[in-house]
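Written below as C-alpha cells is the structure these notes are about.
The values are calculated or read from the model by the stated rules, or taken from the named source; none is laboratory data. Note that the coordinates shown come from a computational prediction; the quantities given were computed from them, not determined experimentally. Positions of Cβ are backbone-derived with ideal geometry, glycine not excepted, and every protein chain shown enters the neighbour counts. Each accessible area value is taken on the protein alone, full model and side chains, heavy atoms only, with ligands, DNA and RNA left out. Shrake-Rupley method; radii C 1.70, N 1.55, O 1.52, S 1.80 Å.
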Amino acid sequence: MTATILDGRALAQELRTATQSEIAHLSAQLGRTPGLAVVQVLGDAASTRYVRSIEKLCATVGAGFRLIALPPETTQAELEASIAALNADSEVDGILLQLPLPAHLNANAAIMEIDHRKDVDGVHPINAGLLAQGRTALVANTPAGGMELLRHYQIELRGKRAAVVGRSAIVGRPMAQLLIQADATVTVCHSRTPDLGAVLRECEIVCVAAGRPGLVTAEMIRPGAVVVDFGTNVGADGSLVGDVDFAASAEVAGAITPVPGGTGPMTNVMLMRNLVAAARNLHQL
Ligand code: NDP
C-alpha cells in the first residue's frame, strides 16, 4: 500500500481531549455545562444506538445531555412544540433533531423551527445559506469532520481540482461549499453524472458520499490523489464498507480515509465542537 492513511479514529480521540478542556473552560464561564438536547421520535433502532453514542460522548467531554423522546405517533404540532420549548430554554445551547422521522412527519418543516443559533447539526437553511455565502455558520458535522482530517494532514486544497460525489444537504453539498471556501475548484457529481471516472481522474481531491459500496474504483483515481470516503454501508457479512474500493485505491492514491476509522469517528466530535461554538455565540463569549 502506498497511500497515507487518514486516521480519523486517532484524530477524533485527539479532538475529544481538546474539546473536553474547552468545555471545562466554557462551563466555568457559563456557571453550568453547555447543554445538548436531542429530539428523537422513537421507533428506529439505528437512531436509538446513535443517540446513545452521543449521550456517551457528552458524558466523556463533560457536556450536558437531555433526550426528548417522543412516541412514534407524535404529531407535527407536538414535535414543533418540543423544539420551540428547547429554543426558549436558556440551559440548552444545542438542539439535534434525530433523523429520519416517521413518514407522517415533515422533517424540513421541523428543522425550520430550530433556532439556527442552536442548530448544532448544521441542517437549518440559514446555516446552509451562510455557508454557501462563505460566512461563519454551524456546519454539518460529517463534512466538517472530513475537512478537519484534510487540515490535520496538511493536505493542500488551494488551487486544487476537487470532486464531490453526492449532493445531499447533509454531506455532499456542504462538503462542496467547504472546499470552495478552501480555494479548491470544485465539481459536484451525482447519479445523473455521465462517466464519473472521467471527472474523478481529473481531480487531486476526491470526496465520496453516495452510499453506494464500490462505486469508486481504483481506475477512477488519479495517481497521488487524496480520497475522502464518507460512505457508510453495511456489507453482506455485517461489516462496514465505504463507497470506494479501498484496497485497490490505496495502491493509487496519495492519501485515503479507511472505512471504518476514517470520516465516521470524526462526525460526533464535530457535533461537540459545534455545541461549544453555539454556546459561545449565544452567550457572546
Ligand atoms: P443520500 O442518499 O442523501 O445522497 C446520496 C448522493 O449520492 C445523492 O446526491 C445521489 O445522487 C448520489 N449518488 C447515488 N448514486 C450515485 C451514483 N451511482 N453516481 C454518482 N452519484 C450517486 O446520502 P447521504 O449524503 O446522506 O449519505 C451518503 C453516504 O454517507 C451514505 O453512505 C451515508 O451512510 C454516509 N454518511 C456518513 C456519515 C459519517 O459519519 N461518515 C454521516 C452521514 C452520512 P442524486 O442526488 O442524483 O440522487
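What the table shows:
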{"item": "Contact order relative to length of the chain, as percent, for alpha carbon pairs under 8 angstrom and 6 or more apart", "result": "22"}
{"item": "Fraction of alpha-carbon pairs over 24 Å apart in the range 105-232 - percent", "result": "28"}
{"item": "Sequence ranges 148-154, 103-109, 239-245, ranked by mean other-Cβ count within 10 angstrom, highest first", "result": "239-245, 148-154, 103-109"}
{"item": "Antiparallel bridge percentage (DSSP; both residues within the chain; nearest 5)", "result": "5"}
{"item": "Computed FRET value (nearest 0.05) for residue 84 with residue 161, which takes r as the C-beta separation and R₀ as 51 Å", "result": "0.70"}
{"item": "Sequence-distant residues sharing a close amide H with residue 240 (under 5 Å, placed H)", "result": "235"}
{"item": "Local electrostatic count, residue 231, Cβ distance below 10 Å [Lys/Arg +1, Asp/Glu -1]", "result": "-1"}
{"item": "Sum of side-chain charges, residue 32 neighbourhood, beta-carbon under 10 Å (Lys, Arg +1; Asp, Glu -1)", "result": "-2"}
{"item": "Neighbourhood charge, 12 Å Cβ-Cβ cut-off, centred on residue 138 and excluding it, Lys, Arg +1 and Asp, Glu -1", "result": "+1"}
{"item": "Per-pair calculated FRET efficiency, R0 = 30 Å: residue 4 and residue 183 via Cβ, rounded to 0.05", "result": "0.85"}
{"item": "Carbon and sulfur %, accessible surface of the chain computed with the full protein complex present, 1.4 Å", "result": "53"}
{"item": "Probe 1.4 Å, accessible area per residue of the chain, Å²", "result": "46"}
{"item": "Helix-only CD estimate at 222 nm, as mean residue ellipticity for the chain, using -39500 (n - 2.57) per DSSP H run (n ≥ 4)", "result": "-13000 deg cm²/dmol"}
{"item": "Length added when fully stretched, residue 233-residue 27, from 0.36 nm per residue minus Cα-Cα", "result": "70.4 nm"}
{"item": "Highest-MSF residue in the chain out of 142, 187, 263 [GNM, Cα springs under 10 Å]", "result": "187"}
{"item": "Residue 240-residue 66 FRET efficiency (beta carbon distance; Förster radius 35 Å; 0.05 resolution)", "result": "0.75"}
{"item": "Calculated P(r) of the chain - Cα pairs past 37 Å, %", "result": "14"}
